[in-house]
Structures are given as structure tokens and as C-alpha cells.
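Beneath this line is the structure, given in C-alpha cells, with notes to follow.
The values are calculated or read from the model by the stated rules, or taken from the named source; none is laboratory data. Being a predicted model, the structure only gives us computed values, none of them experimental. Cβ atoms come from the backbone with ideal geometry, glycine included; neighbour counts cover every protein chain shown.
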Amino acid sequence: MTDANQPPAGGIDAKALQDAITASVTSSLTAALKPLQDQMLALQQQAQAKPAPAPTAAGKADAGEKPLTAAEVQKLLADGLAAHSQQSQQSAAREQYLGSKLKDLPEAYRKQLGNDPTKWPAEEQAIRSAYQADFKVAGGTVTDKGGVDAGGKKPGDTIDVTKLSATESIALGLKSSAPARSAPAPAVTEAK
């Protein structure tokens, strides 16, 4: 029978190997942690060397920050709510502009509109120009009808007669009606 502490013949002593590894790891860790320990010690000494803050009238040490008063808290809350309200209004105005002016463009182009309402008309034109350029590059074509519908009439040619006054309706009726033409009178010949 062999003893657990006895190395096998021609083998390695496991206990001696374990002790050697432990010693090596310990010394390596100690050497690696030495700079960190020195830094921590220096920081602790600096913290102890700093003078303590002077006590305030209330007897507490002043850490450089004073507590907020109720009025300051209310003001901060009011400012936050006002900013949120303004942002909501701007967002609603932007959505309305998008819905009225850019509804015919794809979403990717609509997202390019900024947040400054004063710049929206110029941005709209730039976005439309970019869309038109991209459309042409993609091979799209547009036929220009020149503002004339299939019947040959321009959009401004149609008059809404429900909005005309009585006098205007009569004038329009007289203008659009052709005068009645009678058959030509027979030539009058004198009887001889």
C-alpha cells in the first residue's frame, strides 16, 4: 500500500506541486495588487488631510449644496410641465403640418421634417425636391396635364352657382345662353 503523501515511484509529489502553485499565485497577486493598494492608501490619506466643512447656522456641515425649498421644487415642477406642454404642442403642430402639406409623400420623406415651424416651408420644398430626384433616379415618370382635365377645362373654369347672388346668376345665364336665331326672313319682292 502506498501512502497518499508519498510520491509514486518516478512520479510527481502532488502536495509539493500544489504548495508551489499556491505560493506562486499568491506572490503574483500580491505584486499585481501592490500599485492598487498604494493608490487606495494615498486617496485615504488625502481624504483625511482635507479640512472638514464649516458648520452652518443650523449646526450641520455644509457640503456645498443647500436643500431645495418648497417654492424651488414647485418652480422646477412648473418648468418641467411647461416644457412638456410646449413639446406636446409642437409635436401636434408638426403632425398637423405633415397631414396637410406632406400627406402625399412616403413616410421616409415625411420623417425628414424638422421641429422648427419657421423652417417647415423651406424644408418641405427641399423634401419634395429630394423625392422628385429619387423618383426620377428610380425610373419614374410624371405626365404633366398642365392643369387641364379630361374634358379640356381648367380647374378655375368651373363656377359654383350656389355661391352667386341673384344678379350674378342672371348675368351668367344671359352670358351662357345663345341668342335665339330666327329663320331668315323671306326676301320681299314687289309684285308688279
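Observations on the model:
- Matching residues in the range 110-142 - criterion: being among the charged types (D, E, K, R), surrounded by fewer than 12 Cβ atoms within 10 Å (Cβ to Cβ) and either on the phi > 0 side of the Ramachandran plot or part of a helix (DSSP H, G or I) (or both): 136
- Odd one out for residue 130, checked against (1) among the hydrophobic types (A, V, I, L, M, F, W, C); (2) under 18 Å from the mean Cα position of the chain (by Cα); (3) modelled with pLDDT of 90 or more: (2)
- For the range 1-45, a residue qualifies if it is modelled with pLDDT under 85 and acidic (Asp, Glu), and the qualifying residues are 3, 13.
- Every residue from the range 61-109 that is surrounded by 10 or more Cβ atoms within 10 Å (Cβ to Cβ) and part of a loop (DSSP other than H, G, I, E, B): 62, 68, 102, 105, 106
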